């Protein structure tokens, strides 16, 4: 089992997936302080998934990618990237002598570039063609596929907690459902044009 590590924490009701870029608007003074630490000391922080369905107490480890805009009052628009997932053992009101929260976590050490299997990769390729998405790397990780499929919060949660085989089945089901919707959309467009 992974060892406990104490990290800064930002409880939010979002669940970023490994490799995902997330925009955040920072306005509370305690999180402005966290942003300063992330910039000045290259500090990673956790986004604890603050939701009633999170019985497993998981969250996402984030790294600051860029500051998009700074406002006169100290607020900022930033982009962060999920680099790992964690299980949280304990949430603290403050992290060391800082204003922002902290938590004791165990990192999962996920491989954000874990490649998708043959059938999943092929079906996802078809899906991208149907959606007319042409700019992509040519190879897909299971996490980049999950991000592209606009999974809702409960689907993301189930996806992260699933084992490898179940993750692939969940993604295959979601792609097939999305392709069905695209097909129905095409049919309705054709019917509309006929009238």
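Miscellaneous remarks
- Of note, residue 25 does not satisfy the criterion of being touching a residue at least 40 places away in the same chain (Cβ under 8 Å) and assigned to a loop (DSSP other than H, G, I, E, B).
- Conditions (1) surrounded by 15 or more Cβ atoms within 10 Å (Cβ to Cβ); (2) within 19 Å of residue 99 (Cα to Cα); (3) under 19 Å from the mean Cα position of the chain (by Cα): number failed by residue 37: (3)
- Qualifying residue in segment 64-71 (condition: modelled with pLDDT of 95 or more, in contact with a helix residue (DSSP H, G or I) (Cβ under 9 Å, 6 or more places away or on another chain) and in the same structural domain as residue 48 (by TED's automatic domain parsing)): yes
- Considering residues of segment 134-143 that are in contact with a strand residue (DSSP E or B) (Cβ under 9 Å, 6 or more places away or on another chain) and in a loop (DSSP other than H, G, I, E, B) only, the residue modelled with the lowest pLDDT: 139
- Of all the listed residues (126, 155), the sole one being within 29 Å of residue 58 (Cα to Cα), out of contact with any helix residue (DSSP H, G or I) (no Cβ under 6 Å at 6 or more places or on another chain) and part of a helix (DSSP H, G or I) is 155.
- Among the residues making up segment 97-133, a single one is without any contact (Cβ under 8 Å) to a residue 12 or more places away in the chain and either under 30 Å from residue 32 (Cβ atoms) or touching a strand residue (DSSP E or B) at 6+ places or on another chain (Cβ under 6 Å) (or both): 97.
The values are calculated or read from the model by the stated rules, or taken from the named source; none is laboratory data. Fair warning: this is a prediction, and the values are worked out from it, not measured in the lab. Neighbour counts are summed over all protein chains in view; Cβ atoms, including those assigned to glycine, are modelled from backbone coordinates with ideal geometry.
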